[in-house]
Amino acid sequence: MLPKLAFLSLAAMAVHAAPAPSKMAVLRQDIASASAKLFIGGGPPGTISVADFDGKSFKVVTKNTIQGSSPSWLLFKEPNVLYAVDENTNTTRTFSYNPNTDALEPKFEATGSSGVVSLEFNKDRTRMLGAAYGQGQIDVWDTSDPAGSLKLLKQIPSEGPNGPDKSRQEGPHPHQVLLDPSGRYFLVNDLGKDTISVIDTVDDKFNVVHRVNVKPAGAGPRHGAFYPPGQKQATHYFLACEMGNIINVYGLAYNVSAGGIAFALKQTVSTFGDNKNHTGAGAGEISVSADGKHLYVSNRLTGGKADNIAHFTIDTCQDEPLRFVKLISSGGGRPRMFSLSKDGKFMFAANQDPAIGLSALRIGQDGSLQENPVASMPLSAPDQGPMPPSLTALFAALSIQQQSRSASILASLADNPGAHQKRIRKGRGPSSGYGKTSGRGHKGQKQHGKVKPWFQGGQTPLIKVHGRKGFENFRAPDMSELNLDRLQAWIDAGRIDPAKPITPKEIVESGLIGRAKDGIKLLARGKDELRTPIDLIVSRASASAIEAVEKAGGKILTRYFTRQSIRRLLKGESIMTRSPLPTGPEHVEEVLAEARKGPFMYRLPDPTSRWDIEYYRDPAHRGYLSHTLQPGESPSLYFKVPTERKLAAGKKEKAGAEQAEDDKLF
């Protein structure tokens, strides 16, 4: 059985026209503990190679060459499809990869824009966007075919005024396409326009809904990274600007009505960590560590024998989140691309310097980079033939062969950081670090022992003097509260679709509430903000909330739920129904027979207690049992509506005075 592959992608674009490395993907595990595979490609010969990496060296095992092409960006789609751009032409190619034999064979070709330098999938990988640096537009591809065929759906021009640098900003140059964590928006960094374009994918339309002007003018935005990693929405965006050698830190706010994502500039810092003018240099790649505590950015053309990687720490609680730490040698010249292994222990730096084209740098527990590479590989070797001065794509995965284990690993076994903490030794004198009184102060009850929370200094406790007040009904259901202003905010952010019925399943899965507990109660806070007609099903609702929903043109239904039935809805074991189970064995059997045809195991329950039945029979509560009321009937099961009095046959109603006399008790 083949191991499952996991990938982390990144892209690149050279400072000048020379091709260079552009993409990596690294498995989330310690590379040194297992053999790994890498894809290496790019440059005029058009070669994509497969190599082994054992944690100490790189070895090319096979390669595929298409003469005259320049695959400067690769994108992998599980389980076996590899997409490659051709930066020299307007062709995008698809390759089939066999992990058993390491065979890499071309499958399909498609024509799009020329000079594509970046590719990115949408959330379900059925669409792929390409940034055409040469032609100044963005291609939208259909990648839904499992075999890997491509269909061009749309081409989006990058519009707006050019930047002030006429030599490099003579026209649009989209440099990278990046999918935001919500999966709805793509960001396009345009070096020629000094802009960030926001593309909305809703309804598969891919329209540009917002453009952000990058400051200062002439900065040349190149690559970006979202923060925090692994979340459903980003709070910050770190943008590396190639021409200005700066990092812009933006605060993000999601707002569908205001262009999808709003950007607020919070900090601008040099990629070298100083205030000097580094004319001629160019920022390359930028990446955030998996734990969200560190940021790395590459600097090229610095004038030294080797260029460097800048290390910053991240603290978004501060007004300026980035703090410069150190510059580390990349092991070679012009580090166009780098990628972090998913276990956070290695950085792979791809240099345009042919002497050390690829270097693997170890990352310490504190996020620092090791000075000397643990492995490196030149861009040309006698057994490989001539290779271009570039390295395009990398990915590391579990070895198909049997994993090898070194005895040296046993000597380096250690607990995870934070597994053990230093014991606090109190009452051991000043050398303990807590002073002679161990942090308790001088004299008094708090020094000699603990004080119970209810102790009131020796007086008669107030609860004895005044007694207990009030009570807590432990039988009452514990409802999760949902307010109208928060519901409207979720609709505006695109996290809930108002065109479909909104049930507890949609409410919980969208993150609108943490968990449903015994049910969901709708409250009217922010009722004036509700403007979208909705079809809502909840457990209970206040009168003001019902009025606000219906005033906005929507409708609301309250239905009986239990904690277990909501869990079954979320697991897909039950289906949402608006009507109760009918009475009578003949009707019940029909309903059960129909339910058994589907994949659902349980039907939603109906109330059994008198209070619950009366609540959901009440039309004022918009209860789902209100249709069972007869005309003039009360929702109450105890009090009945008076009806017309009927006399038995042969009896006549007595006169008023005679009846009053009979009604007397004494």
Checked 165, 145 against criteria (without any contact (Cβ under 8 Å) to a residue 12 or more places away in the chain and among the acidic types (Asp, Glu)); the one match is 145
Here the residues within the range 566-584 that are part of a loop (DSSP other than H, G, I, E, B) and in contact (Cβ under 8 Å) with a residue 40 or more places away in the chain are 576, 578, 579, 580
A careful count of residues in the range 413-437 that are among the polar types (S, T, N, Q), farther than 30 Å from residue 343 by Cβ and assigned to a loop (DSSP other than H, G, I, E, B) gives 1
Evaluate the range 53-76: report whether one residue or more is without any contact (Cβ under 8 Å) to a residue 60 or more places away in the chain, under 32 Å from the mean Cα position of the chain (by Cα) and either over 30 Å from residue 372 (Cα atoms) or in the same structural domain as residue 176 (by TED's automatic domain parsing) (or both). no
Per the filter on the range 312-348, residues over 25 Å from the mean Cα position of the chain (by Cα), part of a strand (DSSP E or B) and crowded, with 22+ Cβ neighbours inside 10 Å are 335, 336
Margin query: Any residue that is over 21 Å from residue 214 (Cα atoms), of a type in the set (S, T, N, Q) and not in a loop (DSSP other than H, G, I, E, B) - is there at least one of those in the range 259-280?
Written below: no
Pairs returned, first residue in the range 601-624 that is in the same structural domain as residue 565 (by TED's automatic domain parsing), second residue that is part of a helix (DSSP H, G or I) and basic (Lys, Arg), beta-carbon separation under 7 angstrom, 6 or more apart or interchain, are 602/568; 623/617
Within the range 148-171, residues part of a loop (DSSP other than H, G, I, E, B) and in contact with a strand residue (DSSP E or B) (Cβ under 7 Å, 6 or more places away or on another chain) come out as 148, 149, 150, 158, 160
The residue that is farthest from residue 276 (Cα to Cα), considering only those in the range 228-257 that are hydroxyl-bearing (Ser, Thr, Tyr) and buried (at least 20 other Cβ atoms within 10 Å of the Cβ), is 254
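Search the range 311-351 for residues being touching a residue at least 12 places away in the same chain (Cβ under 8 Å) and of a type in the set (Asp, Glu), and hand back the single one that is farthest from residue 300 (Cα to Cα).
Going residue by residue through the range 311-351, those that are touching a residue at least 12 places away in the same chain (Cβ under 8 Å) are 311-314, 316, 319-322, 324-351.
Now drop any that are not of a type in the set (Asp, Glu), which leaves 319-320, 343.
On the way: 319: 29, 320: 25, 343: 26 Å.
Taking the candidates together, the pick is 319.
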Here the residues within the range 394-425 that are at pLDDT 75 or above, surrounded by 10 or more Cβ atoms within 10 Å (Cβ to Cβ) and basic (Lys, Arg) are 425
When the range 529-574 is checked residue by residue, the ones that are of a type in the set (Val, Ile, Thr) and out of contact with any helix residue (DSSP H, G or I) (no Cβ under 6 Å at 6 or more places or on another chain) are 534, 537, 538, 546, 549, 562
Checked the range 569-612 for anything surrounded by 12 or more Cβ atoms within 10 Å (Cβ to Cβ) and of a type in the set (Phe, Trp, Tyr); matches are 600, 602
If you go through 563, 559, the only one that is touching a residue at least 60 places away in the same chain (Cβ under 8 Å), surrounded by 12 or more Cβ atoms within 10 Å (Cβ to Cβ) and of a type in the set (D, E, K, R) is 559
Sole miss for residue 521 among (1) out of contact with any helix residue (DSSP H, G or I) (no Cβ under 7 Å at 6 or more places or on another chain); (2) within 20 Å of residue 575 (Cβ to Cβ) is condition (2)
Among 470, 519, the single one that is within 30 Å of residue 611 (Cβ to Cβ), of a type outside the set (A, V, I, L, M) and touching a residue at least 12 places away in the same chain (Cβ under 8 Å) is 519
Exactly one of 345, 266 is under 23 Å from residue 233 (Cα atoms) and either among the basic types (Lys, Arg) or not assigned by TED's automatic domain parsing to the domain that holds residue 219 (or both), and that residue is 266
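Going through the range 533-548 one residue at a time, which ones are in contact (Cβ under 8 Å) with a residue 60 or more places away in the chain and either exposed (fewer than 15 other Cβ atoms within 10 Å of the Cβ) or over 20 Å from residue 257 (Cβ atoms) (or both)?
Initially, the range 533-548 is screened for residues in contact (Cβ under 8 Å) with a residue 60 or more places away in the chain, giving 539-541, 543, 545-546, 548.
539, 540, 541, 543, 545, 546 - these are the residues of the range 533-548 that are in contact (Cβ under 8 Å) with a residue 60 or more places away in the chain and either exposed (fewer than 15 other Cβ atoms within 10 Å of the Cβ) or over 20 Å from residue 257 (Cβ atoms) (or both).
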Counting only residues that are among the polar types (S, T, N, Q), over 18 Å from residue 109 (Cβ atoms) and touching a Lys or Arg at 6+ places or on another chain (Cβ under 7 Å), the range 123-171 contains a total of 2
Per the list (1) on the phi > 0 side of the Ramachandran plot; (2) buried (at least 21 other Cβ atoms within 10 Å of the Cβ); (3) of a type outside the set (S, T, N, Q), residue check on residue 530 breaks on (1)
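The values are calculated or read from the model by the stated rules, or taken from the named source; none is laboratory data. Computed from a predicted structure; not experimentally measured. In this analysis, Cβ positions are derived from the backbone assuming ideal geometry, glycine residues included, and neighbour counts consider all displayed protein chains.
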